[in-house]
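Here the structure comes first, spelled out in structure tokens, and everything after it is commentary.
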Amino acid sequence: MTRVLLLGGTTEASLLAQALAQAGIAAVFSYAGRTGAPIAQPLPTRIGGFGGAEAMAKALREGGFTHLVDATHPFAAQISANAVAACAETGTPLIALQRPAWTAQDGDRWTRVADTAAAVAALPDAPARVFLATGKQGLLPFALKSQHQYLLRLVDPPEAPLPLPHASVVIARGPFDAEGDKALMIGHRITHLVAKNAGGLGAEAKLIAARALGLPVILIDRPTLPPRSEVASVAEVIDWLSHAGTERGV
Ligand code: NAP
């Protein structure tokens with residue numbers, strides 16, 4: 001019988017959880033536990049790291065899981081690499097539900113960079129007003145350019161003092177809309193946007209807003225992951241579940 005381990009933490013993972021529940025497919029939803037009050041799921045839910053790839057392999061075996069779906073954020077590179085390793089070890093079919101990366105459109109003023117350090121380097125030296133829309137992880141490198149006024153948007157209020165001396169914090173959970181993000185950027189007199197190329201509709205609002213305002217964007221490219229099968233829609237995952245397993249290692 002099919003039993004899915006679903007690695008979540010994204011809007012797409014929540015949509016897939018709904019589809020699995022509706023289809024009556026047995027599944028367990030796994031959260032990293034990064035936010036204080038994760039969205040409730042219509043599936044049995046576990047919260048917290050497994051303890052590395054070996055431990056995830058053990059959890060796959062002991063939990064009787066027949067399939068693993070990685071619907072984590074495109075920048076959650078460690079858990080995704082662990083999933084590839086654990087599935088290779090246990091012979092569990094793996095698929096990643098990944099939203100396509102964003103591509104530049106007319107009017108975009110994007111500087112694409114490889115990582116956070118390169119994003120810091122791409123910011124100007126003269127004091128600017130930066131919407132740092134990269135989440136709570138990876139703020140520290142921006143302390144190298146502490147002359148800027150930073151606007152942070154976080155899911156939970158920060159638990160520790162921020163490493164940035166001039167920072168305003170907005171507490172909000174996506175999805176966001178372009179008009180709202182435009183008003184936010186105007187209100188904070190933003191001159192630059194720094195974002196990760198996460199893809200997806202709800203997180204795209206800030207890029208649409210930056211385009212409308214003619215603002216420069218520093219966009220961090222996705223990390224490189226080990227080879228794996230990927231699909232872009234919930235329907236494709238459901239379809240894959242109906243035939244994968246007879247094709248070990250798909
Ligand atoms: P990461 O660096 O790839 O993962 C670090 C560790 O956190 C993993 O090795 C694993 O611990 C644990 N972990 C991550 N996702 C997990 C899951 N779904 N279930 C159980 N354990 C998990 O990931 P991250 O960047 O910290 O992201 C953590 C979570 O936040 C992910 O679920 C991701 O989808 C979500 N998220 C991330 C971002 C981002 O920009 N990185 C943005 C939005 C949402 P063990 O090794 O102990 O198993």
Checklist outcome for this item: Taking R0 as 35 Å and r as the Cβ-Cβ distance between K58 and A37, the FRET efficiency 1/(1 + (r/R0)^6), rounded to the nearest 0.05, comes to 0.75
Checklist entry - Rounded to the nearest whole Å³, what is the per residue volume of the convex hull around the Cα atoms of region 109-220? => result 90
Next on the checklist: Once you place label points 7 Å from the Cα toward the Cβ at A118 and R173, how far apart are they in nm?
Outcome noted: 3.3
Checklist entry - Which net charge results when you count Lys and Arg as +1 and Asp and Glu as -1 among the other residues whose beta-carbon is under 12 Å from that of L123? => result +1
Item to check | Helix-only CD estimate at 222 nm, as mean residue ellipticity for the chain, using -39500 (n - 2.57) per DSSP H run (n ≥ 4) | outcome: -8500 deg cm²/dmol
Next on the checklist: Just want the answer: with Cβ charges of +1 for Lys and Arg and -1 for Asp and Glu, which residue in I79, P161, T116 is farthest toward the dipole's positive end in the chain?
Outcome noted: P161
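Considering only the other residues whose Cβ falls under 13 Å of the Cβ of R222, what net charge follows from Lys and Arg at +1 and Asp and Glu at -1?
Numbers: positive: R99, R112, K196; negative: D115, D221, E230.
That works out to 0.
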Checklist outcome for this item: With label points set 7 Å from each Cα along the Cα-to-Cβ direction at E236 and A128, the distance between them in nm comes to 3.4
Checklist entry - Between A77 and A183, what FRET efficiency follows from the Cβ-Cβ distance if R0 is 30 Å, with the result rounded to 0.05? => result 0.35
Checklist entry - Between Rg and the Kirkwood Rh of the chain, both from Cα atoms, what is the Rg to Rh ratio? => result 1.00
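Each reported figure results from applying straightforward, stated rules to the coordinates on display, with no laboratory input. Model, not experiment: these values are computed from the prediction. Positions of Cβ are generated from backbone atoms using ideal geometry, with glycine treated the same way; all protein chains shown enter the neighbour counts.
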